[in-house]
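Chemist: Here it is, the structure, as structure tokens.
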Amino acid sequence: MSKREIIKRYLIFLVGLFISSLGVSFITKVDLGTSPISSIPYVLSLGFKPTLGQYTIFFSLLLIILQFIILGKSFKKESLLQIPVSILFGYFIDWSMLILWWLNPENYGLKVLSLLVGCIILALGVYFEVIANVVMLPGESFVKAVTYRFNTDFGITKVCFDASMTITACLISFVLFNKVSGVREGTVIAAFIVGLAAKFFGKILIRFTDFLLPKETI
């Protein structure tokens, strides 16, 4: 790929990264739980001073370290790009939380509707990240590392990873608050909807994808 094409892909990725952060913040602000990958950082942010975005950075760096341990010599140098991406994503989340200061639905029906909107926003961000095809966020990269090292199915491994994140967040919540906080029905709903919606965007936006990234450059 030419330098122009690479720059274009990274710009698309950055757009997707910001949209994803907006989706995560939207879901979180609804107060029905957050996405599985953000559940641990969110629960910790409820109990301690660092923000959701800052805890997201710390958690992402931990996942990168675990990737290195799992893959060993198979860990590629370009995977280190996850570090600046994780830091940027964390700051994007905090900025998005500020942008969405006004979002505080009190009616349960509005909460559910807002949750679905947040899931769609997050899925759109994932769509842009996928078509850019330059770097993966640590959550997905960790799952990919596990599937490579232990020869497991990516889909099944992803479900297990999301479930383990949710369960761990619940355990941390029990330790900190003696109850489940930050993990609710919205966490489960987001786990099911976001992936399906992202695939849906990939199908219905084929022409848009081809416009952004002509097939000969993919």
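The values are calculated or read from the model by the stated rules, or taken from the named source; none is laboratory data. This one's a predicted model, so the numbers in the text were calculated from it and none came from an experiment. Every residue, glycine as well, gets a Cβ built from its backbone with ideal geometry; the counts of neighbours run over all protein chains shown. When the accessible area is computed, the model is the full protein with side chains, heavy atoms only, and any ligands, DNA or RNA have been set aside. Shrake-Rupley method; radii C 1.70, N 1.55, O 1.52, S 1.80 Å.
Chemist: For segment 21-35, which residues satisfy the criterion of being part of a helix (DSSP H, G or I) and open to solvent by less than 10 Å² (accessible area, probe 1.4 Å)?
Modeler: Across segment 21-35, the qualifying residues are SER21, GLY23, VAL24, SER25, ILE27, THR28, VAL30.
Chemist: While we're on this one: Please pick out the residue among LYS144, LYS179 that is basic (Lys, Arg), without any contact (Cβ under 8 Å) to a residue 24 or more places away in the chain and assigned to a helix (DSSP H, G or I).
Modeler: From the options LYS144, LYS179, the qualifying one is LYS144.
Chemist: Turning to a different aspect of this structure: Among the residues of segment 182-216, count how many are over 19 Å from the mean Cα position of the chain (by Cα), exposed (fewer than 14 other Cβ atoms within 10 Å of the Cβ) and part of a helix (DSSP H, G or I).
Modeler: Count: 9.
Chemist: Continuing with this model, one more query. Suppose we filter segment 110-141 for residues that are closer than 21 Å to PHE161 by Cα, free of Cβ contacts under 8 Å to residues at least 60 places away in the same chain and assigned to a helix (DSSP H, G or I); how many remain?
Modeler: The number of residues fulfilling the criteria is 1.
Chemist: Please tell me if ARG4 is touching a residue at least 12 places away in the same chain (Cβ under 8 Å), part of a helix (DSSP H, G or I), over 28 Å from LEU116 (Cβ atoms) and among the basic types (Lys, Arg).
Modeler: The answer is no for ARG4.
Chemist: Follow-up question, since we're still on this one. Find the residue count for segment 105-160, including only residues that are aromatic (Phe, Trp, Tyr) and surrounded by fewer than 20 Cβ atoms within 10 Å (Cβ to Cβ).
Modeler: Adding up the residues that qualify gives 4.
Chemist: Search segment 183-200 for residues that are under 15 Å from PHE161 (Cβ atoms) and pair each with any residue that is hydrophobic (A, V, I, L, M, F, W, C) and part of a helix (DSSP H, G or I) when their beta-carbon atoms are under 7 Å apart and the residues are at least 6 apart or on different chains.
Modeler: ALA190/ILE27; ALA190/CYS119; VAL194/CYS119; VAL194/LEU122; VAL194/ALA123; VAL194/VAL126
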